[in-house]
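Data first, discussion second: the structure below is written as structure tokens.
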Amino acid sequence: MTSIFAEQAMLQDGWSEDVLIEIDDNGVITGARAHQVRRGAQEAGGPVIPGMSNVHSHAFQRAMAGLAEHMGSAEDSFWTWREVMYSFLRRLDPDQVHAIAAQLYCELLRNGYTAVGEFHYLHHAPDGKHYGRRAEMALSLLRAAEDTGIAITLLPSLYAYSNFGEEPLGAAQQRFATTPESLLAIMADLRTACAGNPNVRLGAAPHSLRAVSPAMLRELLAGLAVFDPTAPIHIHVAAQVKEVNDCLTWSGKRPAQWLLDNMPIDARWCLVHCTNLSTPESEKLAASGAVVALCPTTGANLGDGTFPFARYREKHGRFGIGGDSHVSQTPVEELRWLEYSQRLALRRRNIAASEDRPSVGTYLWREAASGGAQALGRPAGVIAPGMRADLVVLDAAHVNLVGRRGDALLDSLVFCGNECLVRHVMVGGRWVVRDGHHPAEDTIAERYRKVKKALTP
């Protein structure tokens with residue numbers, strides 16, 4: 001049993017003072033009580049808040065950040081960016097992906113993420129042939145998570161077609177090719193490999209409606225019902241205008257509309273991006289109980305669009321945040337861009353606030369932490385008995401936070417500069433970051449540097 005004492009902590013029912021957090025040997029919180037006496041408990045060393053989940057990650061793209069910022073066309077968009085990405089991944093092998101992912105996961109932890117949802121579609125060798133063990137690339141991601149101590153929900157992706165109407169995969173997409181049967185076989189291998197590890201959760205990710213057929217999607221869902229009926233399901237939806245138009249041509253419906261009308265969308269599902277959603281779609285999606293994975297920095301980098309957050313929030317929709325292409329590695333920047341993009345679109349301030357919840361920073365952190373944990377199928381995101389001890393301790397002595405308490409603390413965290421204000425991070429009851437540093441960060445960074453040099457054109 002571990003006991004931690006915090007002068008202030010954000011508990012399930014709000015900010016509290018003199019909080020004693022008790023954690024059992026399995027990394028689960030057994031008590032979180034305010035107005036306590038420290039006695040023999042560890043001093044937290046700063047205000048304690050729930051750890052954040054990064055619900056949408058393509059870890060290998062961390063190493064290509066900055067490579068697509070050179071004009072290639074007057075009509076540059078996601079689709080031209082994708083060609084740069086295809087060229088980049090052509091050379092990646094499992095050892096390189098392991099090094100990149102470890103660097104990313106170390107960065108995520110130092111910035112206050114305690115879990116990551118790895119949407120994994122880079123399955124095969126550069127020539128499209130299977131590795132000797134089909135789960136080899138996925139296993140490299142699990143090793144990176146184990147090296148760093150981050151909790152991971154690994155989401156192998158079903159990817160069979162290049163566009164709606166079952167168009168064949170292109171040459172650059174052969175590395176992604178899977179069927180429901182082969183994907184479930186990979187997941188079975190991964191389940192054996194991570195058996196007994198409480199930091200690992202498995203789910204599945206049909207890549208998008210353009211990359212799977214309705215029959216394949218139903219076959220995958222049937223297989224998941226046997227494999228694990230509680231497994232999270234993630235899918236890219238309505239990220240680009242072209243995708244929406246192509247879906248309308250194919251089905252007469254927009255992507256989110258088609259999914260909501262044809263699939264059992266519920267709290268297990270996470271719809272990623274949704275940057276081109278209609279108001280009726282956003283309202284129906286909010287009512288479904290599913291989570292939307294919002295990736296504001298990637299969406300801005302790609303010029304994809306803006307999620308209709310204000311209306312979705314009014315309807316009490318669930319959301320989490322993701323790093324996606326990892327042009328940013330901090331939850332603060334994702335949350336800030338989420339709010340700022342809405343302010344620019346609506347020409348007013350404090351969009352995420354309401355009369356009963358006036359603090360923008362507290363609302364964004366609380367809801368993204370809770371919604372993100374739901375999307376990753378993890379009992380986390382809230383400091384309460386029965387939940388995982390995934391905790392972030394802030395640096396209250398930092399000039400940006402000094403003197404701030406409660407809601408003002410999180411408002412300052414999100415909207416006051418870009419310096420890291422995280423002091424310690426705990427995952428599953430184990431400290432993985434202390435005084436802003438990960439114990440293996442130097443070794444991990446040196447390995448990453450070598451890989452990045454080898455991959456830089």
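The values are calculated or read from the model by the stated rules, or taken from the named source; none is laboratory data. What you see is a predicted model, and the numbers here were worked out from it, not measured in a lab. All Cβ positions, glycine included, derive from the backbone under ideal geometry; neighbour counts span all protein chains shown. To get the accessible areas, we keep the full protein, side chains included, count just its heavy atoms, and leave off ligands, DNA and RNA. Shrake-Rupley method; radii C 1.70, N 1.55, O 1.52, S 1.80 Å.
Pick from Val332, Val327: which is open to solvent by 10 Å² or more (accessible area, probe 1.4 Å), among the hydrophobic types (A, V, I, L, M, F, W, C) and assigned to a loop (DSSP other than H, G, I, E, B)? It would help to see each step written out before you state the result.
Numbers: Val332 fails: assigned to a loop (DSSP other than H, G, I, E, B).
Only one candidate passes the filter, namely Val327.
Just a yes or no: is a residue in region 422-445 touching a Cys at 6+ places or on another chain (Cβ under 8 Å), open to solvent by 10 Å² or more (accessible area, probe 1.4 Å) and part of a helix (DSSP H, G or I)?
There is at least one residue in region 422-445 that is touching a Cys at 6+ places or on another chain (Cβ under 8 Å), open to solvent by 10 Å² or more (accessible area, probe 1.4 Å) and part of a helix (DSSP H, G or I).
With the structure loaded, tell me whether Val55 is within 30 Å of Thr2 (Cβ to Cβ) and either among the aromatic types (Phe, Trp, Tyr) or open to solvent by less than 60 Å² (accessible area, probe 1.4 Å) (or both) or whether it fails that test.
yes
I'm checking my understanding of the structure. Among residues of region 223-233 that are without any contact (Cβ under 8 Å) to a residue 40 or more places away in the chain and open to solvent by 10 Å² or more (accessible area, probe 1.4 Å), which one is farthest from the chain's Cα centre (by Cα)?
The qualifying residue farthest from the chain's Cα centre (by Cα) is Val226.
Search region 192-221 for residues being in contact with a helix residue (DSSP H, G or I) (Cβ under 8 Å, 6 or more places away or on another chain) and part of a helix (DSSP H, G or I), and hand back the single one that is surrounded by the fewest Cβ atoms within 10 Å (Cβ to Cβ).
If we take residues in region 192-221 being in contact with a helix residue (DSSP H, G or I) (Cβ under 8 Å, 6 or more places away or on another chain) and part of a helix (DSSP H, G or I), then Pro214 is surrounded by the fewest Cβ atoms within 10 Å (Cβ to Cβ).
Kindly indicate whether Arg388 is modelled with pLDDT of 95 or more, touching a Pro at 6+ places or on another chain (Cβ under 9 Å) and open to solvent by 10 Å² or more (accessible area, probe 1.4 Å). Before you say what the answer is, go through the steps one by one.
On the way: modelled with pLDDT of 95 or more: yes; touching a Pro at 6+ places or on another chain (Cβ under 9 Å): yes; open to solvent by 10 Å² or more (accessible area, probe 1.4 Å): yes.
Spelling it out, Arg388 is indeed modelled with pLDDT of 95 or more, touching a Pro at 6+ places or on another chain (Cβ under 9 Å) and open to solvent by 10 Å² or more (accessible area, probe 1.4 Å).
Could you count how many residues in region 1-44 are at positive phi and acidic (Asp, Glu)?
So the answer is 1.
Can you tell me how many residues in region 380-414 are among the β-branched types (Val, Ile, Thr) and part of a helix (DSSP H, G or I)?
Counting residues in region 380-414 that are among the β-branched types (Val, Ile, Thr) and part of a helix (DSSP H, G or I) gives 1.
Can you tell me which residue is nearest to Leu154 (Cα to Cα) among those in region 177-213 that are more than 17 Å from the chain's Cα centre (by Cα) and among the β-branched types (Val, Ile, Thr)?
Per the criteria, the residue is Ile186.
Being more than 23 Å from the chain's Cα centre (by Cα), open to solvent by less than 10 Å² (accessible area, probe 1.4 Å) and of a type outside the set (Gly, Ala, Ser) is the requirement here; does Leu401 meet it? Give the steps one after another, and end with the answer.
Numbers: more than 23 Å from the chain's Cα centre (by Cα): yes; open to solvent by less than 10 Å² (accessible area, probe 1.4 Å): yes; of a type outside the set (Gly, Ala, Ser): yes.
For Leu401, the condition - more than 23 Å from the chain's Cα centre (by Cα), open to solvent by less than 10 Å² (accessible area, probe 1.4 Å) and of a type outside the set (Gly, Ala, Ser) - is met.
Here are Val382, Val432: which of them is in contact (Cβ under 8 Å) with a residue 60 or more places away in the chain and touching a His at 6+ places or on another chain (Cβ under 7 Å)?
Result of the check over Val382, Val432: Val432.
Pairs under 6 Å by beta carbon, first residue farther than 20 Å from Gly322 by Cα in region 276-293, partner open to solvent by less than 30 Å² (accessible area, probe 1.4 Å) and not acidic (Asp, Glu), six or more apart or different chains?
Matching pairs, first to second residue: Glu281/Ala256; Lys284/Leu260; Ser288/Ile265.
Yes/no per residue for (1) within 29 Å of Leu183 (Cα to Cα); (2) open to solvent by 30 Å² or more (accessible area, probe 1.4 Å); (3) of a type in the set (A, V, I, L, M, F, W, C); (4) free of Cβ contacts under 8 Å to residues at least 24 places away in the same chain:
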{"position": "Ala65", "(1), (2), (3), (4)": "yes, yes, yes, no"}
{"position": "Phe78", "(1), (2), (3), (4)": "yes, no, yes, no"}
{"position": "Tyr86", "(1), (2), (3), (4)": "yes, no, no, no"}
{"position": "Leu92", "(1), (2), (3), (4)": "yes, no, yes, no"}
{"position": "Ala99", "(1), (2), (3), (4)": "yes, no, yes, no"}
{"position": "Gln103", "(1), (2), (3), (4)": "yes, no, no, no"}
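Could you list, in sequence order, all residues of region 175-191 that are open to solvent by less than 30 Å² (accessible area, probe 1.4 Å) and part of a helix (DSSP H, G or I)?
Hits for region 175-191 are Arg175, Phe176, Pro180, Ser182, Leu183, Ile186, Met187, Leu190.
Hey, can you tell me all the residues within region 50-83 that are acidic (Asp, Glu) and touching a Cys at 6+ places or on another chain (Cβ under 7 Å)?
None - no residue of region 50-83 is acidic (Asp, Glu) and touching a Cys at 6+ places or on another chain (Cβ under 7 Å), so the list stays empty.
Among the listed residues Gly377, Gly417, identify the single one that is open to solvent by 20 Å² or more (accessible area, probe 1.4 Å), outside any strand (DSSP E or B) and in contact with a Pro (Cβ under 8 Å, 6 or more places away or on another chain).
Gly377
Looking at this structure, is Ala352 part of a helix (DSSP H, G or I) and either in contact with a Leu (Cβ under 7 Å, 6 or more places away or on another chain) or modelled with pLDDT under 95 (or both)?
no
Output the number of residues of region 435-447 satisfying the condition of being of a type outside the set (S, T, N, Q) and free of Cβ contacts under 8 Å to residues at least 12 places away in the same chain.
So the first thing to find is which residues in region 435-447 are of a type outside the set (S, T, N, Q), and the list is 435-442, 444-447.
If we keep only those that are free of Cβ contacts under 8 Å to residues at least 12 places away in the same chain as well, we get 439, 442, 446.
Total meeting the criteria: 3.
Among the numbered conditions (1) among the small types (Gly, Ala, Ser); (2) part of a helix (DSSP H, G or I); (3) without any contact (Cβ under 8 Å) to a residue 24 or more places away in the chain, tell me where Ala172 comes up short.
Only one criterion is unmet by Ala172, namely (3).
Check off (1) open to solvent by 80 Å² or more (accessible area, probe 1.4 Å); (2) modelled with pLDDT of 95 or more; (3) not charged (D, E, K, R) for Leu410 and give me the number that stays unchecked.
So the condition that Leu410 fails would be (1).
Out of Thr114, Thr148, report the one residue that is crowded, with 16+ Cβ neighbours inside 10 Å, among the β-branched types (Val, Ile, Thr) and in contact with a Ser or Thr (Cβ under 8 Å, 6 or more places away or on another chain).
Of the residues listed, the single one that is crowded, with 16+ Cβ neighbours inside 10 Å, among the β-branched types (Val, Ile, Thr) and in contact with a Ser or Thr (Cβ under 8 Å, 6 or more places away or on another chain) is Thr114.
If you go through region 43-59 one residue at a time, do you hit one that is farther than 23 Å from Cys270 by Cβ, without any contact (Cβ under 8 Å) to a residue 12 or more places away in the chain and more than 24 Å from the chain's Cα centre (by Cα)?
First, pick out the residues of region 43-59 that are farther than 23 Å from Cys270 by Cβ: 43-48.
From what is left, the residues that are without any contact (Cβ under 8 Å) to a residue 12 or more places away in the chain are none.
So far as region 43-59 goes, no, none of its residues is farther than 23 Å from Cys270 by Cβ, without any contact (Cβ under 8 Å) to a residue 12 or more places away in the chain and more than 24 Å from the chain's Cα centre (by Cα).
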